[in-house]
Amino acid sequence: MKVDEIIPWGRTFDEYQRIFALSDTDLAGRILGCGDGPASFNAEATAAGYAVTSCDPICAFSAAEIGRRVTDCYETVLSQVKAARDGFVWTEFRDPDHLGQCRLTAMKGFLADFDRGRGEGRYVTAALPSLPFVDDQFDLALVSHLLFLYSDHLDADFHLAAVAELLRVAKEVRVFPLLTLSRQRSPYLDAVRDACDAKGLVVEVCRVPYEFQRGGNEMLRIARAAVGGV
């Protein structure tokens, strides 16, 4: 796939659970979804009693404006998926149109919750690599379909600064997927791993029970060392 800019494209709580291999213990902590876009993860997690904060530049806009942006991008994304159909695993979704329907349902869930969630402080206007949160405010930070995926748009320095900032505000960071839009391993993955290794952090690539982008079934997990960590 080729896109000129980062696209708002929402995913569900169930997808987040599998994308990030979230356990009950993970969900019981303070979670930051960074770059969530119009995902329904926050809305569904909140309804289930979990503590989730989402941050994204789109939170500066109204629900109506975000809805229009989703509509504007929808056909572009679907046409790209249809053109690159063999690059995806069609087990979760029957076909591109079914994918689109599921994505719209997730995004409608986000939009229905947005005004209330923003008033409650659950949706925050922010963008990497600078976040408006205090040190260790969260137990876990999740980055879905932003870092690594958009390697053609975000350079190595951005990735390194973004991960450092995420590790400032959260004790653990998980990033999915590790592939670019063209289904290649991100050229910045090794640089991020090396930088984290140098700081004495626990860094591992983990297989997860989710694959839509063919070959995209791994996340990067970065955590403070158990003893004497950074």
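No value in this document is a laboratory result; all are computed from the given coordinates. These figures come from a predicted structure and were not determined experimentally. Glycine also receives a Cβ, built like all others from the backbone with ideal geometry; neighbour counts cover every protein chain displayed.
Observations
- Likely footprinting exposure, VAL89, VAL124, fewest C-beta neighbours within 10 Å first: VAL89, VAL124
- For segment 125-138, 3J(HN,Hα) computed residue by residue from phi via the Karplus equation (6.51, -1.76, 1.60; θ = phi - 60°) reads 6, 6, 9, 4, x, 9, 10, x, 10, 7, 4, 6, 5, 10 Hz, glycine and proline entered as x.
- Most mobile listed residue (ARG207, ARG94, ARG85) in the chain, GNM with C-alpha springs under 10 Å: ARG94
- When both bridge partners sit in the chain, DSSP labels roughly 45% of those beta bridges antiparallel.
- Sites matching GluC sites (Glu not before Pro) across segment 97-206 that sit in DSSP coil, with at most 13 neighbouring C-beta atoms within 10 Å: GLU120
- For the chain, relative contact order (Cα pairs under 8 Å, six or more residues apart, normalised by length) works out to 23 percent.
- Inter-centroid distance (Cα atoms) of segment 164-230 relative to segment 74-137, Å: 20 Å
- Its Cα centre serving as origin, segment 13-223 has a Cβ charge dipole (Lys and Arg +1, Asp and Glu -1) of approximately 240 debye.
- Extension gain for SER79-PHE158 works out to 25.5 nm (0.36 nm per residue, less the C-alpha to C-alpha distance).
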